[in-house]
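Undergrad: Handing you this structure, nothing more for now.
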Amino acid sequence: MSSSATNPPPVSPVSPPPRRRRSLAGPLVLIMLGLIFLLGNLHLLSWYRISVWFAHYWPLLLIFWGVVKLIEHQMAQRDGSRASGIGAGGVLLIIMIVVFGLVASQIERVNWSGLRDQINVDDDDFSNIFGETYNYNDQLQQSFPADASLKVIDNHGAVSVHASDDNNITVVVRKRVGAESQGDADRYNGETKPTITVIGGLVTLDARVEAAGDHPVATDLDISLPAKASVSITSRRGDVNVEDRKNNIDVSAQHSDTTIENVAGNVKINQERGSVKVEQVTGDVQVSGRMNDVSLADITGSAQLDGEFQESVKLARISKTVTFKSSRTDMEFSRIGGTLDLDSDELHAGEITGPVHLTTRSKNIQLEGVSGDVRLQDDNGGVEVVMRTLGNVQIDNRNGDIQLSLPEKAGFRMDARTRDGEIQSEFGELKVNNDEHQATATGSVGNGTSHIVLNNEHDNIEIRKAPVNGGPKEGVSGGVSGGVPGAKQSKGKSLPAPKDNVEPSDN
């Protein structure tokens, strides 16, 4: 018997997998970014320009990446090799490009000029963030038409206006430019040259600081022109100073310390933030907006204040009607012969001529040397009024003492009432009744010409005899000395701090 051996079939050799091509997309993108940053460090490209380009064109990096990957895939198919994938590093790089690109796009849309105004960054500080500060000086001069008015537009920079000795307008220009290089600064300076244009009776001086776009440019203007020309100023950021004018002044400003002095005309100011100081004006003064400090003195016309005043208001020697309106205080006087100081907690005024209308809250009030009618209302603060010449008086208060001083020889009828408080009087003619929960004082003194009404809740009323000059009585803050017939002993309280919800701003 024969046997035959069976041979196994031959085994075919296993071909190695196609070699994967290494991707060039990542290195090429990094090379492009490296070249861009190198040009920035060598100051061949401005960092500002690089940031703007990246904010607008960063998707081109992804497109470039995709094109490279597509070419690599076509080459791999032609060679029979495997195309490389993206890989973890590639995914991370794509994510970084997308994230930084989106952030840059949003930042580029920011109104940097407006943001600088909001956060109160100085022009020099702002320019140094993106480069150096370069200074330029210039001067403009031409004849000023007779009877013309001047309009000044300077959104970044100080404006100073004073009288000239001739019939010309002369402008001294001091400019600060923020830029990456001297060449860029020279270009921005050329783009922002101030101009003077004359159309009919209007002369317009434009600083043109915004002609360079978002590049920080601040231009200070020192202007000399004939004193009889009226002046209108528009300034978004920069101090305003006007003096020695013989015509009207109109200022619209933001983030400014505005000073107006020695003006024979009307003054109108609308301002956001900063301070306002107006002195020696022969005419009316109007101030509106939202400011920190306001000071008006020696005004022969009327004064009108309307807005919010965060810190203090000072008024002195205003010859005609004074009106004041804010979210907390509404007041009106016929004139102020002395001074008035107003802040978040106190209102103190002297030599006030009525009729006086005053409504406020959470504020201590002290008026001295008042003449004429008085209508006063307050909450959560003490009230002290010293009359020089008596008219009709009505005072309504709550949570604070009322102290009223009247001329000793004045004639008046009294109707006073307080709940949860006491009434004291230095006038024996008045009938004072202090019950447990309510006190009243009624009666007539002299001819009873004037009518006085006092209403209080949760505190006391004191009725005193004023000194002959109408000023504060000696020891006025210490209460009535000694016993007063028909009244309980004085508690001797001076004006306290305003009670309860004291508001720190907006007088």
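Undergrad: What length, rounded to one decimal in nm, is gained on full extension from Asp147 through to Arg187, with 0.36 nm per residue of separation minus their alpha-carbon distance?
TA: 10.7 nm
Undergrad: Starting from the Cα-Cα distance between Val67 and Glu408, subtract it from 0.36 nm times their residue separation and give me the gain in nm to one decimal.
TA: Length difference between fully extended and current span is 112.8 nm.
Undergrad: Order of Ile199, Ile153 from fewest to most other C-beta atoms within 10 Å?
TA: Ranked by crowding around the Cβ, least crowded first: Ile199, Ile153.
Undergrad: Now, a different point. Hey, can you rank 140-146, 260-266, 444-450 by average C-beta count inside 10 Å, highest first?
TA: Result, highest mean Cβ count within 10 Å first: 260-266, 444-450, 140-146.
Undergrad: Continuing with the same structure: Arrange the following residues from fewest to most other Cβ atoms within 10 Å of their Cβ: Phe100, Phe333.
TA: Phe100, Phe333
Undergrad: From the square roots a ≥ b ≥ c of the eigenvalues of the alpha-carbon gyration tensor of the range 346-473, which class results: rounded (a/c under 1.5), prolate (a/b over b/c), or oblate?
TA: Oblate, since a/c reaches 1.5 and b/c is not below a/b.
No lab work stands behind these numbers, since they all come straight from the coordinates. Quick caveat, the model's predicted, so the values are computed rather than measured. Note that we place each Cβ from the backbone using ideal geometry, even for glycine, and neighbour counts take in every protein chain shown.
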